[in-house]
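First up is the structure itself, then whatever we jot down about it.
The numbers here are math on the coordinates, done by the rules we state, and not lab data. Keep in mind it's a predicted model, so treat the numbers as computed, not measured. Note: ideal-geometry Cβ built from the backbone for every residue, glycine included; neighbour counts use all protein chains shown.
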Amino acid sequence: MTVVSVIVGSTREGRFSELPAQWIKQHLEQRPGLTVRLLDLRDFEMPMFDSAMLPGIPGRQPYANEVVRRWTEAIGASDAFVVATPEYNFGPPAVLKNALDWVYPEWQRKPIGFVSWGSQGGSRAVQQLRETSVELHMAPIRNAVHIPVSAIYAHFQGKADEIQSILQASDPQAGAMIDDLLWWANALKTARASTA
């Protein structure tokens, strides 16, 4: 089975993040041969990156922090990722960047896709995340889902039906992103197995 983890990229009170994360998770669960997990950063309250040893240093010892160890193990056990992220001030939330920075070899040679929202559909946060993922030796997927800012306004006004309509309008983009993600997931999983 291919393991795809959906990362909820915000921990803010009253966040919108759970809705698009669950929506893309449901899309993934309709595909055969997948185990789909939700990795909510609220469940991984990691300190700001403060390790004396960089995560990519060969021979890195297990992390002393138990939460960081659990996070690293969850990333290592995954074959592909979809990050559900808001855009804050032209970039991703600090908690998400911190979660990326704590891990290094466990991210490598795995694909990553993005579902974003905010001004310009969160596209600027995704652009920064793509650059970070390349540095982590990942394969960022070109196709992404950019949810319009009207969904956030509907969320804060309690308009659940309107949010559902907006998300359903993004179903074709979700399908295209997932198609690409799974192609890369299978190709890279095969390649990783052949060099293990």
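Observations on the model:
- Any hit, the stretch 79-90, residues being buried (at least 16 other Cβ atoms within 10 Å of the Cβ), farther than 24 Å from Ala151 by Cα and touching a residue at least 40 places away in the same chain (Cβ under 8 Å): yes
- Pick from the stretch 17-38, criterion in contact (Cβ under 8 Å) with a residue 24 or more places away in the chain and part of a loop (DSSP other than H, G, I, E, B), ranking: surrounded by the fewest Cβ atoms within 10 Å (Cβ to Cβ): Gly33
- Candidates Ala125, Ala94, Ala84, Ala74, filtered to the one that is within 11 Å of the chain's Cα centre (by Cα) and under 19 Å from Leu41 (Cα atoms): Ala84
- Of the residues examined, Arg109 is not one that is closer than 20 Å to Leu38 by Cβ and not in a strand (DSSP E or B).
- Selected residue (only one of Trp117, Trp102 is among the aromatic types (Phe, Trp, Tyr), over 12 Å from the mean Cα position of the chain (by Cα) and within 24 Å of Met177 (Cα to Cα)): Trp117
- Scanning the stretch 129-146 for residues that are surrounded by 16 or more Cβ atoms within 10 Å (Cβ to Cβ) and either in a helix (DSSP H, G or I) or over 15 Å from the mean Cα position of the chain (by Cα) (or both) turns up Leu129, Arg130, Thr132, Ser133.
- Against the numbered list (1) surrounded by fewer than 17 Cβ atoms within 10 Å (Cβ to Cβ); (2) outside any loop (DSSP other than H, G, I, E, B); (3) touching a Lys or Arg at 6+ places or on another chain (Cβ under 8 Å); (4) of a type in the set (A, V, I, L, M, F, W, C), Ala74 comes up short only at (1).
- Any hit, the stretch 55-66, residues being closer than 21 Å to Gln164 by Cα and of a type in the set (Val, Ile, Thr): no
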